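The values are calculated or read from the model by the stated rules, or taken from the named source; none is laboratory data. Source: prediction; values computed, not measured. All Cβ positions, even for glycine, are placed from backbone atoms using ideal geometry, and neighbour counts span all protein chains on display.
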Amino acid sequence: MNKDLLEQEAKRLYKVLGQITRLDGQKYSLDYCKKIAPLTSQINTLKKQKNALILTHYYCSPEIIFGVSDEVGDSYGLSKKAAQARQDILIFCGVSFMAQTAKLVNPAKKVFLPPTYAGCSLAQSITAKEVEELKKEYPKAQFVCYINSTAEVKALCDVCVTSANVFDIVANSKHEQIVFLPDIFMAQNIDAFLQSKGIKKQIIAAGGTCCVHDKYTLKDIEIVKQKYPQAKIICHPECRKEVCQASDFCGSTSAMLKYVKETSAEVFAVLSERGIIAVLEQENPTKTFLPTGRVCAQMKLNKLEDILEILKDNKDIPEVKVDDKVAVSALKSINAMFKGAQK
Ligand code: SF4
């Protein structure tokens, strides 16, 4: 590989990564950027040759986000980008349900997930069989599923939502009884939101919790407030209700990014996945982000090495497939979300 081009690539990487704090608390060094430059350089060349698009969730590592990605976003933004993609190959850096969703919204494309499988405690917290049982129990309810669910679960629900549109979609629903799954904390937050707006609906929660966001407690907020009284505390609606209510701002990942950019505060405690802090640091170099972010180990399974292997046609990383019958019904619930989110 051309030495000058690699040097240039390392400098490009250092320019974006140099201001970001790594998981070990250190800043990215030029030496580290030199080490990964051969990988990012090959990926960026091959993805053009193969007509591939790399879509990356904010929770993946900064090397992937800033080194090789074409689209970076939260679940909602990336599902829209995947639906609009014209490339032949979609490489989705995230967890399994996200890559499955990309395949659902753009079935003609070859979709790959670099780690082959990456779980999510929410998507794994409820099965299609359990949803079928709930449907018998609540025959009149509207079934609303968070996007963090398997295609089989989505296929049984009326509408899919993400944290970016859930409050609007549920508030605008004509149904009085809603079964919301698989995030019990988000269901509680929706209930609190509806009550604050004077909207009467019965929210029935099923499923589990996000094993990253459920760890935040009021104690974390207390500690931040004692040490950094000037800090703004922001969190994701996958957090516990009391944490959301005690925070200065609670919103989807994209809403948190917008809030930080638009507010004049200088110090923030972000109660969410660590990856978003890297993006915040890059976008807001003069602001300070306290080391409060927790890590989603499954998101970190995405590696540059595996992205390169996909582009080299390594058959050990298989295409993401969804059963045809499941796909038809699951797509209906996703399209209902796109329609509802436009209102
Ligand atoms: S952060 Fe939580 S919700 Fe997101 S992928 Fe990881 S386990 Fe799932």
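Odds and ends about this structure:
- Failed item, numbered, when T253 is tested on (1) surrounded by fewer than 21 Cβ atoms within 10 Å (Cβ to Cβ); (2) polar (S, T, N, Q); (3) touching a Phe, Trp or Tyr at 6+ places or on another chain (Cβ under 7 Å): (1)
- In the set (1) of a type outside the set (G, A, S); (2) in the same structural domain as G25 (by TED's automatic domain parsing); (3) within 21 Å of K225 (Cα to Cα), the condition left unmet by R274 is number (2).
- Residues in segment 36-46 include none that are in contact with a Phe, Trp or Tyr (Cβ under 7 Å, 6 or more places away or on another chain) and surrounded by 22 or more Cβ atoms within 10 Å (Cβ to Cβ).
- Matching residues in segment 297-316 - criterion: being part of a helix (DSSP H, G or I) and more than 11 Å from the ligand (Cβ to nearest atom): L304, E305, D306, I307, L308, E309, I310, L311
- Contact map, segment 207-233: first residue among the small types (G, A, S), second residue away from the ligand (no atom under 16 Å from the Cβ), Cβ cut-off under 8 Å, separation 6 or more or different chains; pairs are A231/V224; A231/K225; A231/A265; A231/V267; A231/F268; A231/A269; A231/L290.
- Residues of segment 217-241 that are polar (S, T, N, Q) and in contact with a strand residue (DSSP E or B) (Cβ under 7 Å, 6 or more places away or on another chain): Q230 alone.
- Test result for S79, of a type in the set (S, T, Y) and more than 21 Å from S329 (Cα to Cα): no
- Test: residue in segment 261-279 that is more than 16 Å from the ligand (Cβ to nearest atom) and closer than 20 Å to I65 by Cβ: yes
- Within segment 259-291, the set of residues being within 19 Å of D74 (Cβ to Cβ), out of contact with any Lys or Arg (no Cβ under 7 Å at 6 or more places or on another chain) and among the polar types (S, T, N, Q) comprises S272, Q282.
- Residue in segment 27-39 that is more than 30 Å from A336 (Cβ to Cβ), in contact with a strand residue (DSSP E or B) (Cβ under 9 Å, 6 or more places away or on another chain) and free of Cβ contacts under 8 Å to residues at least 60 places away in the same chain present: yes
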